[in-house]
Amino acid sequence: MPRNIKAAYAKGTRSMNGKPGPNYWQNHGKYNMDIKVDAETKVVSGKEEILYSNNSSDTLKNLAIRFVNNLHKPTSPRSGAVSEDFLSTGLNIIALSVDGETYKVDSKSWGTVGNVPLKKPLLPKSKITVKIEWDYPLSKESGREGQIDPNSFFVAYSYPRISVYDDYNGWDRIPHTDRAEFYNDFNDYEFSIKAPKNYVVYATGDFLNPDEVLQPEISARLKKSYTGDEVIHIATEQEMKGGKVTQQKDWNTWKFAVNHITDVTFALSNHYVWDGASVIVDKKTNRRSSAQAAYNPITGKDFVNSVKYNLNALDWFSNNWPGIPYPYVKTIAFQGFADMEYPMMVNDSQFGDPVFAQLVQDHEVAHTYFPFYMGINETRYAYMDEGWATTFEYLIGIAEHGKQAADDFYKKFRVDQYINDKSTEEDQPVISMSDQVSGAGYGNNAYGKASLSYLALKDMLGDDLFKKALHTYMSNWNGKHPIPWDYFNSMNAGSGQNLNWFFQNWFFTNNYLDLAIAKLTPAKGKSTLAVKNVGGFAIPFDVVVTYADGKVETIHQTPAVWKANQKEVNITINTTKKITSISLDNGIYVDATPGDNIYEVK
Ligand SMILES: [Zn+2]
């Protein structure tokens, strides 16, 4: 446990029982924003008022202000190469004031995190009002946001926000360099988007004024889609082309609001078609959530089934894994190219492969729980969200396509590359700070290895106890900022077991996936099989015994076999029959050297 984390537990902001400590706090912003998108110049401009609460016991002398889209500035550090079309001038702060006092800010020098020294310090348990007026260009080629085509824009991270100030690290000043993702406070938002005539705006939050911006027939269809399972074409290609969708004013102002959420995002297009339907996500209250899709009618073939697939995903995630009702009013799939999640929205590519497209959409929607519902610090601990999204993607994949297909895909897409690449980055401990792991090591720690640890724990505890422990963790920390040790402690508390040996094994070592048969010792009535854990990870596996009579027996071992001795284990095979061969089947825990997992009896 690093020193800063130890200090957080010592001062009682976190607790070893897995819950937030008696002194837990998190800061909060109430954002009121008016944003405009000029479709001709591709400039986004806005004004915001942030009522920021310092709930900590610290006096803040600075404000760290984050603007992720400064990633596009030529001067910003980036984790990979970009094209010239990706580059832009970034954020321009036109005006900034704190409690009515004007500040002179030179945003030219800002990276993705700017610093504003406060003229008057912000005292513990007190508030300030920050007003900012800004603009920035949407880059021509974009990643998680920007121009999708000349008349479709995914406008994410569009406003300067106060960075997280937390109990274990103070101000979060880690620059956004593209690969490692985000860390945001839970804020309240009221915002409006001013868009040109015939542009439909899709955004996070409750859509407050459909009748003011949509023509009556379209508004009626949208409302109808909120109440039934049948997929409706809210706006067709012909209607978009014919000016039959939005009110025919030069500009329409679309209004949205949502409380206690980590971010708001929006997108707009003047030619995408719009589908919608809804599904009951909470059977106790009959609460429905809306699934919508916006896509190019010519190229967006994968998106034709997007709503149908999301009705299934919202239902499945709500009732199976994680088995917590989908917490939002809607999800909107927008055709872009990021394959990226945002609260209530996903920006996915057209793959031309409907099965893969569904899997990616499932993955992005699964992110609703981690990082959004759970407030994960993705920048430092990417495995706390990607590992779960990967796990849920696999589990819903079993329901959708069967276990064999889901296993094959998971091995191919999430494990094979990692286990077959012997570079030193692959085996860095998962606990390593995500923004500090280079190369493919980042992805393997965040996705595959973390997900395997969650699935191994599920195998060891069994579904019921694992779910009880997971729900303990989720109820302890939803709407807050858990760190890995809160996960470990919550799972210990929820399962009623001390799993520290297991977490030590999976998160704090250079282990990998590799078993080997050491030897078989035949004896009357029972044989003993010695299995070596060469790679070290506490994985489940099957012992497959083939007998002289041709019969095959499979004996499953959960990771519990590694609790006492993580290097080698003796497995008893109770049989009077003659064994001809034994093999170890690691399943999705793909073995680095499968050749030594087979033993032929001579
Ligand atoms: Zn993901």
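The values are calculated or read from the model by the stated rules, or taken from the named source; none is laboratory data. Given the structure is predicted, the values throughout are model-derived calculations rather than measurements. Methodologically, a virtual Cβ is constructed for each residue, glycine included, from the backbone with ideal geometry; neighbour enumeration extends over all protein chains shown. These accessible areas exclude ligands, DNA and RNA; they are computed on the full protein's heavy atoms, side chains included. Shrake-Rupley method; radii C 1.70, N 1.55, O 1.52, S 1.80 Å.
A few notes on this one:
- Of all residues in the stretch 97-126, those being without any contact (Cβ under 8 Å) to a residue 60 or more places away in the chain, open to solvent by 30 Å² or more (accessible area, probe 1.4 Å) and not in a helix (DSSP H, G or I) number 11.
- Residues being within 19 Å of Lys458 (Cβ to Cβ) and in contact (Cβ under 8 Å) with a residue 40 or more places away in the chain - total across the stretch 374-400: 16
- Scanning the stretch 545-602 for residues that are touching a helix residue (DSSP H, G or I) at 6+ places or on another chain (Cβ under 8 Å), assigned to a loop (DSSP other than H, G, I, E, B) and among the hydrophobic types (A, V, I, L, M, F, W, C) yields Ile588, Val590, Ala592.
- Residue match in the stretch 553-561 (condition: modelled with pLDDT of 95 or more and charged (D, E, K, R)): yes
- Candidates in the stretch 162-189 are the residues that are surrounded by fewer than 19 Cβ atoms within 10 Å (Cβ to Cβ) and part of a strand (DSSP E or B); of these, the one that is nearest to the chain's Cα centre (by Cα) is Asp188.
- Taking the criterion of being open to solvent by 60 Å² or more (accessible area, probe 1.4 Å) and part of a loop (DSSP other than H, G, I, E, B), the residues of the stretch 409-432 that qualify are Asp421, Lys422, Gln428.
- The set of residues from the stretch 388-405 being open to solvent by less than 10 Å² (accessible area, probe 1.4 Å) and either more than 12 Å from the ligand (Cβ to nearest atom) or aliphatic (A, V, I, L, M) (or both) comprises Ala389, Ile396, Gly397.
- Options Tyr328, Tyr309; residue that is closer than 20 Å to Asn184 by Cβ and either in a loop (DSSP other than H, G, I, E, B) or open to solvent by 10 Å² or more (accessible area, probe 1.4 Å) (or both): Tyr328
- Asn319 fulfils the conditions (1) polar (S, T, N, Q); (2) more than 12 Å from the ligand (Cβ to nearest atom); (3) open to solvent by less than 10 Å² (accessible area, probe 1.4 Å) except for a single criterion, (3).
- Within the stretch 554-580, residues that are among the aliphatic types (A, V, I, L, M) reach partners that are assigned to a loop (DSSP other than H, G, I, E, B) with beta carbons closer than 9 Å, at six or more positions or on different chains, in the pairs Ala560/Ala538; Ala560/Pro540; Val561/Ala538; Val561/Pro540; Ile579/Pro522; Ile579/Ala548; Ile579/Val601.
- A Cβ distance below 9 Å, combined with a sequence gap of six or more or placement on separate chains, defines the contacts here; from the stretch 38-65, residues that are closer than 13 Å to Leu118 by Cβ reach residues that are hydroxyl-bearing (Ser, Thr, Tyr) and open to solvent by less than 10 Å² (accessible area, probe 1.4 Å) in the pairs Leu63/Tyr52; Leu63/Ser163; Ala64/Ser163; Ile65/Ser163.
- Residue list for the stretch 516-544, restricted to those being open to solvent by less than 50 Å² (accessible area, probe 1.4 Å), under 25 Å from Glu426 (Cβ atoms) and part of a loop (DSSP other than H, G, I, E, B): Gly535, Phe537, Ala538, Ile539, Pro540
- The stretch 328-343, residues that are out of contact with any helix residue (DSSP H, G or I) (no Cβ under 8 Å at 6 or more places or on another chain) and more than 14 Å from the ligand (Cβ to nearest atom): Val329, Lys330, Ile332, Phe334, Gly336, Phe337
- Scanning the stretch 373-387 for residues that are buried (at least 24 other Cβ atoms within 10 Å of the Cβ) and either of a type in the set (Phe, Trp, Tyr) or at pLDDT below 95 (or both) gives Tyr381, Tyr383.
- Test result for Ile94, modelled with pLDDT of 95 or more, in a loop (DSSP other than H, G, I, E, B) and of a type in the set (A, V, I, L, M): no
- Conditions (1) more than 11 Å from the ligand (Cβ to nearest atom); (2) farther than 30 Å from Asn259 by Cβ: number failed by Gly443: (1)
- Residues that are on the phi > 0 side of the Ramachandran plot and within 18 Å of the chain's Cα centre (by Cα), drawn from the stretch 463-513: Gly479
- Of all residues in the stretch 343-368, those that are closer than 19 Å to Phe409 by Cβ and hydroxyl-bearing (Ser, Thr, Tyr) have Cβ atoms under 8 Å from Cβ atoms of residues that are more than 14 Å from the ligand (Cβ to nearest atom) and assigned to a loop (DSSP other than H, G, I, E, B), 6 or more apart or on another chain, in Ser349/Gly336; Ser349/Phe337.
Every residue, every condition in (1) at pLDDT 95 or above; (2) of a type in the set (Ser, Thr, Tyr); (3) part of a loop (DSSP other than H, G, I, E, B); (4) open to solvent by 50 Å² or more (accessible area, probe 1.4 Å), yes or no:
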site	(1), (2), (3), (4)
Asn445	yes, no, no, no
Gly448	yes, no, no, no
Ser453	yes, yes, no, no
Leu457	yes, no, no, no
Phe466	yes, no, no, no
Ser475	yes, yes, no, yes
Tyr487	yes, yes, no, no
Ser490	yes, yes, no, no
Gln497	yes, no, yes, yes
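- Sole exception among (1) open to solvent by 10 Å² or more (accessible area, probe 1.4 Å); (2) hydroxyl-bearing (Ser, Thr, Tyr); (3) not in a strand (DSSP E or B) for Tyr159, by number: (1)
- Selection count, the stretch 1-37, where residues are at negative phi, without any contact (Cβ under 8 Å) to a residue 60 or more places away in the chain and open to solvent by less than 20 Å² (accessible area, probe 1.4 Å): 1
- Selection count, the stretch 331-352, where residues are surrounded by fewer than 24 Cβ atoms within 10 Å (Cβ to Cβ) and at pLDDT 95 or above: 7
- Checked against the criteria, Asp348 counts as more than 11 Å from the ligand (Cβ to nearest atom), within 20 Å of Arg144 (Cα to Cα) and among the charged types (D, E, K, R).
- Of the strands (runs of 3 or more DSSP E) entirely within the stretch 216-284, those holding at least 1 residues that are open to solvent by 10 Å² or more (accessible area, probe 1.4 Å) and closer than 21 Å to Ser306 by Cβ occupy 232-235, 273-282.
- Of all positions in the stretch 363-378, at least one carries a residue that is part of a loop (DSSP other than H, G, I, E, B) and away from the ligand (no atom under 14 Å from the Cβ).
- Within the stretch 475-501, residues that are among the hydroxyl-bearing types (Ser, Thr, Tyr) reach partners that are open to solvent by less than 10 Å² (accessible area, probe 1.4 Å) and in a loop (DSSP other than H, G, I, E, B) with beta carbons closer than 7 Å, at six or more positions or on different chains, in the pairs Ser490/Gly18.
- In the stretch 52-91, the residues that are assigned to a strand (DSSP E or B) and open to solvent by 60 Å² or more (accessible area, probe 1.4 Å): Lys61
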